[in-house]
Amino acid sequence: MDARLAAITTHADQVRGLVEGLRQRVEDGQLDTHSGLSFLEVKHHTMLAYLAGLAHVALTKLHGQRLAGHAAVRALVEDRAVLEKMRPLEQRLKYQIDKLL
């Protein structure tokens, strides 16, 4: 159990570092966002937030804390709803996305 907790903590720290680096790049103007974010960027950021939220919820449960009314659960529901709303749009854009890749 302690090994799992250590692994989750390590991975959470790694994700936090990656997100911080990305945020810094946006603030420094290295990533062009003046015309908005692309569909794939929104999808990837939402997926990253969802996975980070899942890790946070797992860590909270490992500590034996309750999740009822927890802000992380509300954020997970919101991220999941966004991802589900994006799925039909992604299917319509599949050809164009495949062409780009």
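The values are calculated or read from the model by the stated rules, or taken from the named source; none is laboratory data. No experiment lies behind these values; they were computed from the predicted model shown. We place every Cβ from the backbone using ideal geometry, glycine too, and count neighbours over all the protein chains shown. The area values use the complete protein model at the heavy-atom level, side chains included, leaving out ligands, DNA and RNA. Shrake-Rupley method; radii C 1.70, N 1.55, O 1.52, S 1.80 Å.
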Return the residues of segment 62-84 that are surrounded by 11 or more Cβ atoms within 10 Å (Cβ to Cβ) and among the charged types (D, E, K, R); say none if nothing qualifies.
74, 78, 79, 80
For segment 44-57, name all the residues that are in contact with a helix residue (DSSP H, G or I) (Cβ under 6 Å, 6 or more places away or on another chain) and open to solvent by less than 70 Å² (accessible area, probe 1.4 Å).
46, 49, 50, 52, 53, 55, 57
Going through segment 85-101 one residue at a time, which ones are farther than 15 Å from residue 46 by Cα and open to solvent by 100 Å² or more (accessible area, probe 1.4 Å)?
91, 92, 94, 95, 96, 99, 100, 101
